[in-house]
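Only the coordinates and a few stated rules stand behind these numbers; no lab work does. Only a predicted model underlies this, so the values are computations on that prediction, with no experimental measurement involved. Cβ: placed from backbone, ideal geometry, glycine included. Neighbour counts: every protein chain shown.
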Amino acid sequence: MSQQVISIGLEGIVVAETELSLVDGINGLLVYRNHWARDLAIEKTFEEVAHLLWYGHLPDREELNRLKSQLVANRTLPSYVKAAIDLIPSDVDMMSVLRTGVSLLGNAGHDWPPTMDQVISLTAKVPTIVAYRQARLEGREPVEPRSDLDHTANYLYMLKGTEPNQAHVRALDAYLILTQEHGMNASTFSGRVVSSTRSDLISAVTAAIGALKGPLHGGAPSGVIEMMEQIGTPENAEPWLRKALENGERIMGFGHRVYKTRDPRSEALQVVASQLSADDPWFALATHVEKVALKLLEEYKPGRKLNTNVEFYAAAVMRAVGLPDTLFTPTFAVSRTVGWCAHILEQAANNRIIRPESLYIGQMPK
Ligand code: ACO
């Protein structure tokens, strides 16, 4: 038998070359195709950055208008998808509803390789699925998407059914840009694995949604809100966190497989959140909890280099724009769909089935 190298959790294993993003975990840097993600979040819009990731360059005016109108033209859900969502019991969580709704868009059958038209159609519909379900849960009649609004503004409009606040749109746009893409994370890898079998785009993204849902990945920000609620006051931060660490629990919003310094997205989102929440006691408590948690993590997990990840201040931004915590992870899916699709296109352009091995440690038959 050949010598096998084992890497639990595939840590340190490079499975693909990519032109999409560089995640530099040592220096805390994030690049999307030759641009700092942080600068893109400040200067560009959701559609411009999606264009960069999908087509390889920032769009000129004509290209941007074309992409915007293609997204607008694809926002409406087929009536059978709405009818199916209406059949799902109200206690089923939003990520499961999104996973189901997206999987129903799979009328492309076994269409492979994926096309840009499919990518645009899917990206346009993900926010509509989430907003449609949210309106139903709140007992409101879902509003139809608006063709005069950009992707982020329309998402907020559909979620609330009212004209979106511009400061909220800008803050949410920054969040959605900063989370569009992030290298070979668990959900992206899941999507690439499915796509590598020459299965269709919808199946690949359905798998990615399932991976994003987990609390160790995209499910963390609602855990941050829950933790903040339980902590309640600055005085309670240290005893609460100490007890959690003594019980071997994980502090949500801290730690990252790649970043061994502060996640650059966390830094940028802290600024975005502070602009909206300067006077909010919740935000003041969050910055205090961060400080105490960093000290205690160093005490309980010395040398592990556990810092704030994207989810900590993502929770602050989404809370500040008025989203309930049940929408945090689905909103992450709204943005990450762009990165998933970019990776699935990249996988298809140079495909080889992803098929690692396992090391048999059971007994041999006599
Ligand atoms: N709180 C307490 N301890 C932690 C934390 C944490 N948040 N994160 C890691 N550790 C500890 C582990 O207990 C382990 O300690 P040990 O060596 O004494 O057993 C050590 O640090 C290494 O942990 P691993 O699980 O091996 O680290 P890994 O790189 O596999 O995990 C992960 C990364 C899953 C993100 C982890 O840090 C974690 O669970 N964080 C909390 C959940 C979270 O915020 N997830 C969002 C990540 S960002 C994203 O996916 C978009």
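Return the residue satisfying two criteria in turn: it lies in the stretch 301-313 and is more than 7 Å from the ligand (Cβ to nearest atom) and in contact (Cβ under 8 Å) with a residue 24 or more places away in the chain, and of such residues it is farthest from residue 228 (Cα to Cα).
The first filter runs over the stretch 301-313 and keeps only residues more than 7 Å from the ligand (Cβ to nearest atom), leaving 302-303, 305, 307-308, 312-313.
Of the ones still in play, those that are also in contact (Cβ under 8 Å) with a residue 24 or more places away in the chain are 305, 307-308, 312-313.
Values: 305: 22, 307: 17, 308: 14, 312: 10, 313: 12 Å.
This residue is 305.
Please specify each residue of the stretch 214-230 satisfying the condition of being more than 9 Å from the ligand (Cβ to nearest atom) and either touching a Phe, Trp or Tyr at 6+ places or on another chain (Cβ under 6 Å) or hydrophobic (A, V, I, L, M, F, W, C) (or both). So that I can check it myself, show each step before the final result.
Within the stretch 214-230, the first condition is being more than 9 Å from the ligand (Cβ to nearest atom), and the residues that meet it are 222, 225-230.
Scanning the stretch 214-230 gives 222, 225, 227, 228.
Of all residues in the stretch 277-331, those satisfying the criterion of being in contact with a helix residue (DSSP H, G or I) (Cβ under 6 Å, 6 or more places away or on another chain) and of a type in the set (D, E, K, R) are 311, 325. Restricting to the stretch 1-37, and then to whatever is part of a helix (DSSP H, G or I) and surrounded by 10 or more Cβ atoms within 10 Å (Cβ to Cβ), can you tell me which residue is farthest from the ligand (Cβ to nearest atom)? That would be 37.
Quick check on my filter: what residues within the stretch 44-64 are charged (D, E, K, R) and buried (at least 17 other Cβ atoms within 10 Å of the Cβ)?
Initially, the stretch 44-64 is screened for residues charged (D, E, K, R), giving 44, 47-48, 60-63.
Answer for the stretch 44-64, where residues must be charged (D, E, K, R) and buried (at least 17 other Cβ atoms within 10 Å of the Cβ): 44, 47, 48.
When the residues of the stretch 240-271 are filtered to those that are within 12 Å of the ligand (Cβ to nearest atom) and β-branched (Val, Ile, Thr), the one that is farthest from the chain's Cα centre (by Cα) is 251. If only residues of the stretch 43-54 that are in contact (Cβ under 8 Å) with a residue 60 or more places away in the chain and not basic (Lys, Arg) are counted, the one that is nearest to residue 115 (Cα to Cα) is 54. Does the stretch 328-339 contain at least one residue that is buried (at least 16 other Cβ atoms within 10 Å of the Cβ), aliphatic (A, V, I, L, M) and away from the ligand (no atom under 15 Å from the Cβ)? No; the residues of the stretch 328-339 include none that is buried (at least 16 other Cβ atoms within 10 Å of the Cβ), aliphatic (A, V, I, L, M) and away from the ligand (no atom under 15 Å from the Cβ).
Can you confirm whether the stretch 317-326 contains a residue that is over 22 Å from the mean Cα position of the chain (by Cα) and within 14 Å of the ligand (Cβ to nearest atom)? No, because not a single residue in the stretch 317-326 is over 22 Å from the mean Cα position of the chain (by Cα) and within 14 Å of the ligand (Cβ to nearest atom).
For the condition surrounded by 23 or more Cβ atoms within 10 Å (Cβ to Cβ) and closer than 26 Å to residue 344 by Cβ, what is the one hit in 218, 253?
Going through 218, 253 in turn, just one is surrounded by 23 or more Cβ atoms within 10 Å (Cβ to Cβ) and closer than 26 Å to residue 344 by Cβ: 218.
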